[in-house]
Amino acid sequence: VQTCALPIFSEYFNNSIIDIDHWAIKPFSLLASRFEEAILIDADCFYLQDPGFLFTDSGYIEKGSILFKDRTEKPRFKTTDWLKSFIKNPLPETKENRILKGVSYFEIESSTVVINKIKSFLGLLNICKLNEKDIRSKIVYKMVCGDKETFWLGFEMSRQNYYVNQEYTAAVGEIIIEKNGKKKFVKKICGNNGNIGHTWNGELLFWNGHLMKDHNKNIKIKGIYTSYFIVKDGINRWREYKDQKQCFTLSDNQEAISFNINQKKIISKVEYK
């Protein structure tokens, strides 16, 4: 996988119109990239496998994109109603969308996006359009959480098929045991801002959140995360915790998976400067 410096956006776009800022920079960086096929990866993603193999996946080859699901979050029916007001004949992929079904406020998270710009060019243009200054600030970001949902929505509005990884998400972090009541102890897996992981063929591929215990305060403690749990029924079981952590509560019969030897070796190679 090749990497390149972020392009100088003023050479490609009229920034007075698009006003590149924060989340909105992502689709425009894909569009401006000199590569025909590209993987957009957030700076705080931590990969346990080389993501280059995603270019060889059959879903990507067929549809020219890979998106990753977000956690299930309590639905906001204002958002669901807004989307249904103009999505009248959804693509097959969109018919499975949890927001449209009214079971979640989140569908896609954009910490990693894989795209073939030749196959998905119209979709990418629409994604960029949805992240222009006026459109995102006056409409889109008022209805959805940042840029995340614009990726599938841009494909839907362009009538271009897209591929979503169908495997479950994972909660990644450290195990914390809290006392709840007189004798009851509750086990939780907690990470910085609720680290969400993604599996591929059942193996943890990456998570969004890196290794710092609290990157908001720049506390440079590495290797704090030890485990992950594949979330199959995650709605309303995430909650805010102290110090910017977000936790997933495990049931009595649920056990987290500890990082294996190879995963620990990869983590141990990371050094903070």
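The values are calculated or read from the model by the stated rules, or taken from the named source; none is laboratory data. What you see is a predicted model; the values in this text were computed from it and never measured. A quick note on method: Cβ atoms are made from the backbone with ideal geometry, for glycine too, and the neighbour counts reach across all protein chains shown. For accessibility, only protein heavy atoms count, side chains too; no ligands or nucleic acids. Shrake-Rupley method; radii C 1.70, N 1.55, O 1.52, S 1.80 Å.
Our estimate of slack between residue 78 and residue 22, defined as 0.36 nm per intervening residue step minus the Cα-Cα distance, is 17.7 nm. In this structure residue 203 has an accessible area near 90 Å², from a 1.4 Å probe over the protein heavy atoms. Shown is the FRET efficiency for residue 133 and residue 36, computed with R0 = 25 Å from the Cβ-Cβ distance and rounded to the nearest 0.05: 0.35. For the stretch 70-134, the set of chymotrypsin sites (Phe, Trp or Tyr not before Pro) satisfying both a DSSP loop assignment and a count of at most 10 other C-beta atoms within 10 Å is given as 86. The share of Cα pairs per 5 Å bin across the stretch 30-69, counted from zero up to the longest distance, runs 5, 18, 27, 30, 17, 3 percent. For the stretch 18-146, the mean projected area of the C-alpha convex hull, equal to one quarter of the hull surface, is 8.5 nm². Among the trypsin sites (Lys or Arg not before Pro) within the stretch 28-112, those in coil by DSSP and having at most 10 neighbouring Cβ atoms inside 10 Å are 34, 88. Legend: P(r) of the stretch 125-196 from all alpha carbon pair distances, 10 Å bins from 0, whole percents, reading 16, 27, 25, 18, 12, 2. Within the shell defined by Cβ-Cβ distances under 14 Å, the residues around residue 107 carry a net charge of +1, with Lys and Arg each +1 and Asp and Glu each -1. Overall, the accessible surface of the stretch 85-176 at a probe of 1.4 angstrom is composed of carbon and sulfur to the extent of 57 percent. The accessible area of residue 226, taken with all protein chains in place and a 1.4 Å probe, comes to roughly 60 Å². Each listed q (0.14, 0.19, 0.20, 0.21 Å⁻¹) maps to a log10 I(q)/I(0) for the stretch 69-210, found by the Debye formula over equal Cα scatterers with no solvent: -0.74, -1.21, -1.30, -1.38.
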